[in-house]
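I have placed the structure first, in the form of structure tokens, so that the comments after it can refer back to it.
The values are calculated or read from the model by the stated rules, or taken from the named source; none is laboratory data. Values in this document were obtained by computation on a predicted structure and should not be read as measured data. Backbone-built Cβ (ideal geometry, glycine too); neighbour counts: all protein chains shown. The area values use the complete protein model at the heavy-atom level, side chains included, leaving out ligands, DNA and RNA. Shrake-Rupley method; radii C 1.70, N 1.55, O 1.52, S 1.80 Å.
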Amino acid sequence: MLQSQLPSFARKEFPKDEESYNAQVLIRAGFVEKVMAGVYAFLPLGLRVLKNIERVVREEMNALGAHEILMPVLGPKDQWQKTGRWDSLDVLFKVIARDKKEYALGPTHEEIVVPIGQKAIFSYRDLPLGLYQIQNKFRDEPRAKSGLLRGREFLMKDLYSFHANIADLESYYERALQAYKTIFTRLGLSALQVEASGGSFSKYSHEFQVLTPNGEDSIVHCSSCSFAQNREINESKAGDLCPQCNSPLLVSAGSEVGNVFQLKTKYSQPFGLSYVDEKGEQQEVQMGCYGIGISRLMGVIAEVYHDDKGLRWPIAVAPFQIHILVLEGQDESANQERLSKAQSLYTTLRAKGIEVLLDDRKNISAGQKLTESDLMGMPFRVVLSQKTGDQVEMKRRTESQAELIDFSDVERYLDTHK
Ligand code: ATP
Ligand code: MG
């Protein structure tokens, strides 16, 4: 992408009406715009990040054998009444139509997916079945002050699985946990697998938490083994001993990026979702559900990957891999020559499938280009200036020292520094 063609939503200052770092930096760098509290628009650069996160999640869901669908946001009241959640779910947004009929804006989709699953599930041969979607969710969140970490409208991946028996649900659940681990690792995040509820229920639900100072949850986790529980259910203090291995416990802030549940028959029952087993007998369908906060993940990545100059996107989610900057000097013909060299590098790299942003803008100071580049945070930066002559200066966003290398070595640099 030529930066001269890209609308710049970047700002000189952090927005004053945002409390959370992720929203401040993402707005300042021109990735998102706040529409109102808890509601954000994704701008060209931000949408590229969101799509990259989606792609990783989608690939792993497909690898799990799940099928992608797209359900509506607007849902019928009677289906929400069937499970009791029309009245019990405090975050449910309700919409009144002109004929006074009421609808729900989907905060999650069990009430919608079960009757859909019912259309394809008749016998044990139709199970297991995994259906997922990536779609905006709506929740009437009382405190939407954490930027992308807590939206009132936000993007979620939600997977629902249907099984003939508990054993099959449990084995699928284990595979889903593995898929989640793969997803977070691919996104460059280390996510703790946390027991969401205490006691005997704990093995039926897990959260994935990324430790970050601005996270809204409090996690009790062991300094040496994998023990981790949400503070909501575990009252331990830092320094108490781990129930699993006796090492000291730590308490850290975290953000929940994923959550998995064994629903069993909680939602299949109210809708009468059943199947005929091998013996010809009707049986209840066992279910699991598995969520990932796609837009929250973008906020979490911004919280984890930044320095005082701005964002530092991991390669897997960066909007572009390389940012090429053409810095202008006094000599117009030298500027022109530098620009053509940059353009030919741009073309060569793009032909190899590498995503490049070329800052080819005219009459913008070197200082401004460099500052904006650090703020936007592409993993690699290449600079062509008066100083670099027949070479370029290249560095990773995470390094302070650039190396002077030949044009022909840019690709090699990229490969060896990934
Ligand atoms: P939380 O405890 O943070 O309110 P939740 O447990 O209610 O989240 P789930 O119903 O498990 O959320 O939703 C699945 C995933 O969607 C969560 O793990 C989280 O990553 C994401 N998510 C939930 N609520 C929001 C929100 N308001 N804004 C952005 N992402 C969210
Ligand atoms: Mg949750």
Out of (1) out of contact with any helix residue (DSSP H, G or I) (no Cβ under 9 Å at 6 or more places or on another chain); (2) in a strand (DSSP E or B); (3) more than 16 Å from ligand 2 (Cβ to nearest atom), the one GLN283 does not meet is (1)
Residue identified as in the same structural domain as GLN286 (by TED's automatic domain parsing) and at positive phi among GLY84, GLY117, GLY46, GLY106: GLY84
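Taking the residues in region 103-135 that are within 13 Å of PHE93 (Cα to Cα), within 16 Å of ligand 1 (Cβ to nearest atom) and of a type outside the set (Val, Ile, Thr) as candidates, determine which candidate is farthest from the chain's Cα centre (by Cα). Walk me through it before giving the result.
Of all residues in region 103-135, those within 13 Å of PHE93 (Cα to Cα) come to 103-108.
Applying the additional criterion that residues be within 16 Å of ligand 1 (Cβ to nearest atom) yields 104-108.
Going one step further and asking which of them are of a type outside the set (Val, Ile, Thr), we end up with 104-107.
Details: ALA104: 25, LEU105: 21, GLY106: 19, PRO107: 17 Å.
The residue in question is ALA104.
Are any residues in region 366-388 part of a loop (DSSP other than H, G, I, E, B) and either β-branched (Val, Ile, Thr) or more than 12 Å from ALA342 (Cα to Cα) (or both), and if so, which ones?
Within region 366-388, the first condition is being part of a loop (DSSP other than H, G, I, E, B), and the residues that meet it are 377-379, 385.
Within region 366-388, GLY377, MET378, PRO379 qualify.
Taking the condition hydroxyl-bearing (Ser, Thr, Tyr) and within 30 Å of TYR21 (Cβ to Cβ), does TYR346 pass?
On the way: hydroxyl-bearing (Ser, Thr, Tyr): yes; within 30 Å of TYR21 (Cβ to Cβ): no.
Spelling it out, it is not the case that TYR346 is hydroxyl-bearing (Ser, Thr, Tyr) and within 30 Å of TYR21 (Cβ to Cβ).
For (1) in a loop (DSSP other than H, G, I, E, B); (2) in contact (Cβ under 8 Å) with a residue 60 or more places away in the chain; (3) of a type outside the set (Gly, Ala, Ser), each residue gets a yes or a no:
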{"position": "PRO270", "(1), (2), (3)": "no, yes, yes"}
{"position": "ILE292", "(1), (2), (3)": "no, yes, yes"}
{"position": "VAL317", "(1), (2), (3)": "yes, yes, yes"}
{"position": "GLY329", "(1), (2), (3)": "yes, no, no"}
Can you tell me how many residues within region 152-182 are within 13 Å of the chain's Cα centre (by Cα) and either away from ligand 2 (no atom under 16 Å from the Cβ) or open to solvent by 10 Å² or more (accessible area, probe 1.4 Å) (or both)? 3
Please indicate, with yes or no, whether at least one residue in region 160-167 is closer than 25 Å to GLY280 by Cα, small (Gly, Ala, Ser), touching a Pro at 6+ places or on another chain (Cβ under 8 Å) and part of a strand (DSSP E or B). yes
State whether one or more residues within region 299-315 are more than 16 Å from ligand 2 (Cβ to nearest atom), at pLDDT 95 or above, among the acidic types (Asp, Glu) and in contact with an Asp or Glu (Cβ under 9 Å, 6 or more places away or on another chain). yes
Looking at this structure, is GLU207 within 13 Å of GLY254 (Cα to Cα) and either in contact (Cβ under 8 Å) with a residue 60 or more places away in the chain or surrounded by fewer than 17 Cβ atoms within 10 Å (Cβ to Cβ) (or both)? no
Result of the Cβ filter at 7 Å on region 1-24, keeping first residues that are assigned to a loop (DSSP other than H, G, I, E, B) and partners that are small (Gly, Ala, Ser), at least 6 apart or interchain, is SER8/GLY30; PHE9/GLY30; ALA10/ALA29; ALA10/GLY30; GLU18/GLY147; SER20/SER146; SER20/GLY147
Checking the structure you have, find out if any residue of region 392-399 is at pLDDT below 95 and open to solvent by 60 Å² or more (accessible area, probe 1.4 Å). no
Would you tally the residues in region 184-208 being under 28 Å from THR265 (Cβ atoms) and within 12 Å of ligand 1 (Cβ to nearest atom)? 7
In region 132-147, which residue that is open to solvent by 40 Å² or more (accessible area, probe 1.4 Å) and not in a strand (DSSP E or B) is nearest to ligand 2 (Cβ to nearest atom)? ARG139
Hey, among VAL39, VAL57, which residue is crowded, with 16+ Cβ neighbours inside 10 Å and not aromatic (Phe, Trp, Tyr)? VAL57
Residues in region 231-285 that are within 16 Å of ligand 1 (Cβ to nearest atom), open to solvent by 50 Å² or more (accessible area, probe 1.4 Å) and not basic (Lys, Arg) total 3
